[in-house]
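Just so it is clear, none of the values below were taken in a lab; they were calculated from the coordinates. Keep in mind that what you see is a predicted model, and the values were worked out from it rather than measured. Every residue, glycine as well, gets a Cβ built from its backbone with ideal geometry; the counts of neighbours run over all protein chains shown.
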């Protein structure tokens, strides 16, 4: 059976939860869970954009991200650019194998720092080559 419904019928969902961070932390860690696509990209962008300020470090914990399409990849690049333009830092952590492969294939991992865990991302010094 073939489904010809509109894209708006998609049932994608994405949650963004702050796991730790704030004034006393070196970084704000946001746990991203669900599917990142056209239907959910706005949720991610709004959650991250409000936390980008000069000298802020935002870590996206992607361990709960189960799907990412080209819209999601473009969203990560846009957020990275926004962080750079505001003097903030955006890093990615704990992507599942399939998502990590997408980062490698697209070259995003050459532009945005990707770490094995949120703790590694928080502890890592800024990389001026990924500005």
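For residue 97 and residue 63 in one chain, what is 0.36 nm times their gap in residues minus the Cα-Cα distance, to one decimal in nm?
My answer for the length gained is 11.3 nm.
How many nm separate the modelled label positions at residue 70 and residue 55, each set 7 Å beyond the Cα in the direction of the Cβ?
That separation, rounded to one decimal, is 4.1 nm.
Using Cα pairs under 8 angstrom and six or more residues apart, how large is the relative contact order of segment 53-94, in percent?
Values: 42 pairs, mean separation 29.3, N = 42.
The value is 70 percent.
Roughly what angle does helix 97-106 make with the longest principal axis of the chain, taking Cα atoms, 0 to 90 degrees, to the nearest 10?
With both axes taken from Cα atoms, the answer is about 80 degrees.
Report for the chain the percent antiparallel among DSSP-assigned beta bridges with both residues inside it, nearest 5.
Taking every DSSP beta bridge within the chain, about 30 percent pair in antiparallel fashion.
Per-residue ellipticity at 222 nm for the chain, helices alone: DSSP H runs ≥ 4 residues times -39500 (n - 2.57), over residue total, nearest 500 deg cm²/dmol? Before the final figure, lay out each step's value.
Working: 4 runs with 42 residues, N = 131.
Roughly -9500 deg cm²/dmol at 222 nm, from the helical runs in the chain.
Of the residues 113, 63, 25, which exhibits the maximal mean-square fluctuation in a Gaussian network model of the chain defined by a 10 Å Cα contact cut-off?
25
Please work out whether segment 17-56 counts as rounded, prolate or oblate from its C-alpha gyration tensor, where a ≥ b ≥ c are the square roots of the eigenvalues and a/c under 1.5 means rounded, while otherwise a/b larger than b/c means prolate and anything else oblate?
Since a/c reaches 1.5 but b/c is at least a/b, the shape of segment 17-56 is classed as oblate.
Assuming R0 = 22 Å, can you tell me the calculated FRET efficiency for the pair residue 105 and residue 11, based on Cβ-Cβ distance, to the nearest 0.05? All intermediate terms of the calculation are to be shown ahead of the outcome.
On the way: r = 26 Å, r/R0 = 1.20.
The computed FRET efficiency comes out at 0.25.
Any chance you could give the angle, 0 to 90 degrees and rounded to 10, that helix 70-86 forms with the longest Cα principal axis of the chain?
For 70-86 against the chain, the angle is about 30 degrees.
Identify which of 31, 56, 104 has the largest mean-square fluctuation in a Gaussian network model of the chain, with springs joining Cα atoms closer than 10 Å.
For the chain, modelled as a Gaussian network with Cα springs under 10 Å, the answer is 104.
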